[in-house]
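The values are calculated or read from the model by the stated rules, or taken from the named source; none is laboratory data. Please read all numbers here as calculations on a predicted model, not as lab measurements. Backbone-built Cβ (ideal geometry, glycine too); neighbour counts: all protein chains shown. These area figures cover heavy atoms from the full protein model, side chains too; ligands, DNA and RNA do not enter into them. Shrake-Rupley method; radii C 1.70, N 1.55, O 1.52, S 1.80 Å.
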Amino acid sequence: MLDLKGNLERSALAVGRAVERGASFIVLPELVTTGYMFDSADEVQAVALEVDDERLDIWRQALADSGADSGVSVVAGIAERGHDGSVYNSAVMLDATGVLAVYRKIHLWNREKRYFTPGSRAAPLIPTAHGTVGLLVCYDLDFPEMPRSLALRGADLILAPTNWSLLRRPEGESAPQLLNARMAARANHVFLAVCDRCGTERGQSWTGGSAVVDPDGWVLSTPDSDGIALAWVDLAAARDRQLSAVNHVWGDRRPELYQW
C-alpha cells in the first residue's frame, strides 16, 4: 500500500513474465500502482500520477526488455492526476510506442467516492492488430449498459482491472463478481479478461478472481502458480453473433420496448 516505486517494479516484472509466456494483452489490477485502501485524500494525492509521468515508462521498458513485438500492450489501473486537478481511478493502456488510451472509471464504489472524481466520457474502444478492445474498471461491470455499449460499438475483447472484495458465498460457488463478469461476456458475446487483486490490504481481503472468459461465458483460465491467467483465443470468434439459424445477439433486441 502506497509503495509507488515498489508496486511499479513488481508489476513490471509481472509484465515481463507475461510477455515471455506469449501474452499479447496484459492486464494488471485496479490501482496497481498505489493500493486501494486509502485512509485520506492526502494519501491519494501523494501517489497520484499524470498519464505522461515518466515513471509509467517502466511498463514500456518491461515490454522492450522482454522482446515484446509491436502488438503487445499493457492495461493497468492507476490513480490518475488530471490536468483539471482532480484524481481519477483510471485504466491506462500502453504499448511500446506510448499511451494508447485512458479510461476514467465512471462508476465509483463505496470509499472511492471520497477520493476520486468519476469519469465523464464513454469507455474507449482501441483498434489493435488482434481485434478491437474495450476498457472498463471493476464496478463498471455491474452495469449491463457498460459491456453492452462496448460490444454494440464493436468490441471483441473487454479488459478490466478490478479490486473485488472477498464476499461470503456458498461452499463451492464462484465469487459473485466473477459470475457477473461471465454473464457480461455471454450476454454480449465478447471475450473478457479481468485482473483482480489478491491477498489482504489494511484488513481488506481480496478475491483473487482474475480470469479470462469466452463469449459463451465459460472461464478459460484462472491464475496459475505464477499468478498469471493465460488463454489463447481467436478474437474473430466474438464477431459471429448468430446464435442459431433464427437467433442473433443484436437482431433479437427490441430496444423500442425497453422501458427506463
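Numbers below:
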quantity	calculated
Considering residues of segment 51-66 that are open to solvent by 60 Å² or more (accessible area, probe 1.4 Å) and touching a residue at least 24 places away in the same chain (Cβ under 8 Å) only, the residue farthest from residue 101 (Cα to Cα)	65
Segment 188-226: number of residues that are under 18 Å from residue 28 (Cβ atoms), touching a Gly at 6+ places or on another chain (Cβ under 9 Å) and not in a strand (DSSP E or B)	7
Residue check for residue 84: crowded, with 16+ Cβ neighbours inside 10 Å and among the acidic types (Asp, Glu)	no
Residue list for segment 165-179, filter: surrounded by 16 or more Cβ atoms within 10 Å (Cβ to Cβ) and touching a Leu at 6+ places or on another chain (Cβ under 8 Å)	175, 177
Any hit, segment 19-36, residues being modelled with pLDDT of 95 or more and assigned to a helix (DSSP H, G or I)	yes
Qualifying residue in segment 90-99 (condition: in contact with a Phe, Trp or Tyr (Cβ under 8 Å, 6 or more places away or on another chain) and either of a type in the set (D, E, K, R) or open to solvent by 10 Å² or more (accessible area, probe 1.4 Å) (or both))	no
Residues of segment 180-197 that turn out to be within 15 Å of the chain's Cα centre (by Cα) and open to solvent by 20 Å² or more (accessible area, probe 1.4 Å), as a count	4
Yes/no for residue 108 being among the aliphatic types (A, V, I, L, M) and surrounded by fewer than 19 Cβ atoms within 10 Å (Cβ to Cβ)	no
Matching residues in segment 154-198 - criterion: being at pLDDT below 95 and aromatic (Phe, Trp, Tyr)	none
Qualifying positions in segment 158-217 - of a type in the set (D, E, K, R) and free of Cβ contacts under 8 Å to residues at least 24 places away in the same chain	168, 169, 171, 173
Listing of strands (runs of 3 or more DSSP E) fully contained in segment 47-153 that carry 1 or more residues being over 26 Å from residue 239 (Cα atoms) and at pLDDT 95 or above	73-81, 87-95, 98-104
Filter result for residue 73 (of a type outside the set (A, V, I, L, M) and buried (at least 16 other Cβ atoms within 10 Å of the Cβ))	yes
